1. When each pair of different Cα atoms in the stretch 121-346 is counted once in the 1/r mean, what is the Kirkwood radius in angstroms, to one decimal?
2. Taking 0.36 nm per residue of separation and subtracting the Cα-Cα distance, what length does fully extending A41 through Q55 add?
3. Using 0.36 nm times the number of residues separating I298 and S218, minus their current alpha carbon distance, what extension gain do you get?
4. Can you find, among Y189, N140, I151, the residue farthest towards the positive end of the dipole of the stretch 94-253? Put +1 on the C-beta of Lys and Arg, -1 on that of Asp and Glu.
5. Once Rh is set to the Kirkwood radius over Cα pairs, what Stokes-Einstein translational diffusion coefficient, in µm²/s, holds for the chain at a temperature of 25 °C and a viscosity of 0.890 mPa s?
6. I'd like the per residue volume of the convex hull spanned by the Cα atoms of the stretch 60-183, given in cubic angstrom.
7. By how many nm would the segment from D252 to K379 lengthen if fully extended, with 0.36 nm per residue of separation less the alpha-carbon distance?
8. Quick one: of K202/K315; K70/K315; K132/K207, which pairs are farther than 30 Å apart, Cα to Cα?
Amino acid sequence: MRMPLKFIEGRTSRFISFKPSRKDLVEKYGQAYAADADKMAYDGPFIIKEWKHEQEIVLEKNPNYWNKDKIKLDKVRILIINDANTAYQMFENGELDFVDVPTPLVEQMQKEGKGLTYMDSFEYFIRFNMKKEGKPYLANENFRKAIGFAIDRESYINMAFKGISKPATRYIPPTISGLEKKFAEEFPYEFYPKNADVAKAKEFLGKAMKELGISDPSKISIELMVDDSSGTKDGVEAIQDMLVRNLGIKVDIKIVTFKERLQRMRSGDYEVMITRWGPDYDDPMTYLDYWTISEGMINSGWTDEKYNELCNAAKNTSDFAKRNEIMFEAEKYLLEKGAVVPLYFRERLWVKKDYVQGLVRTFASGSDPDFIYASVEGK
């Protein structure tokens with residue numbers, strides 16, 4: 001290290017790039033390292049005993065773990081179930097011990113006072129392909145901000161997720177740590193309102209149309225791409241309706257698989273996309289650094305020298321208070337430039353059997369779910 005890092009413990013314990021790997025196994029298996037249960041070494045509380053890809057993972061207590069006597073579970077069977085409704089039915093049938101609640105059941109569960117909530121620090125947002133040929137308005141920051149102000153985040157969350165999740169009125173999630181408290185507490189900020197500001201949206205659209213020489217908003221058309229996971233496709237028609245109604249532009253929806261969305265994002269084969277980002281470590285930089293890369297996974301075409309300078313300045317100071325101030329400036333600048341339109345911070349409702357104790361659901365633990373404190377009592 002060149003200087004002290006405030007988040008060094010979180011980064012080394014959570015960020016996968018810092019997790020130890022045995023050199024001899026990496027050299028032996030090459031690209032296949034960690035691709036199967038028998039192609040990796042284990043130093044945590046559990047080992048992978050069995051891994052049926054796309055079906056299930058079986059964990060067993062690691063007899064060599066330094067604190068093995070404190071681990072209460074001997075085995076954990078993780079079933080890979082893509083359909084949330086199927087998973088919940090299996091929970092009801094006693095086949096699963098805990099599960100996330102499917103969106104259609106959220107309202108009922110809340111009325112009955114059932115379920116536990118937690119925020120996993122995933123942020124869903126709209127990104128734009130600013131290099132897309134024939135779509136010059138995607139490279140216009142006023143147009144992108146018009147999109148942001150035209151969306152009623154609160155209504156969208158209520159329609160899509162029955163009120164579970166929080167409107168993203170800024171970029172850095174409320175769960176991320178600052179110097180002494182949460183970053184959002186130390187630097188209160190709201191760029192976009194919870195509800196649509198149609199007047200401001202039309203003001204930005206008018207500026208964009210003037211700059212682009214467009215006289216009729218109906219001449220503007222975008223394709224909004226989402227994948228088939230519930231976090232992106234649910235409620236996308238509501239966003240489509242808000243943009244059409246509040247701005248008068250044309251919006252088509254394209255639904256693809258999660259795998260295809262990632263491929264298209266990397267190759268730049270999209271116009272506008274709802275996507276997400278989760279933290280690699282508990283620090284604002286894990287979100288801010290995302291926009292310092294103009295190619296590869298990001299591939300939006302947005303790059304800004306001042307923004308890069310702000311992020312570099314934050315990375316190269318050992319004054320933690322000053323560092324947080326610089327990161328706040330970077331967050332504000334990112335939104336003012338319309339590089340990203342935040343939608344919501346994901347919250348989850350989940351249920352468990354009464355005999356399940358000590359199970360931790362939070363991103364901060366470095367694992368979700370975290371079984372290290374879990375036990376089965378009175379089953």
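1. It is 17.8 Å.
2. Contour length minus the Cα-Cα distance gives 2.9 nm.
3. Length gained between I298 and S218: 25.9 nm.
4. Checking the options against the dipole of the stretch 94-253, the answer is N140.
5. Working: Rh = 22.9 Å.
Roughly 107 µm²/s, to the nearest whole number.
6. Cα-based convex hull of the stretch 60-183, divided per residue, equals 246 Å³.
7. Roughly 40.6 nm would be gained on extension.
8. Distance filter (> 30 Å) returns K202/K315; K70/K315.
All of the numbers you see were taken from the coordinates with simple rules; none came from a lab. Because the structure is a prediction, the values reported are computed rather than measured. With ideal geometry, Cβ positions are generated from the backbone for all residues, glycine too; neighbour counts draw on all protein chains shown.
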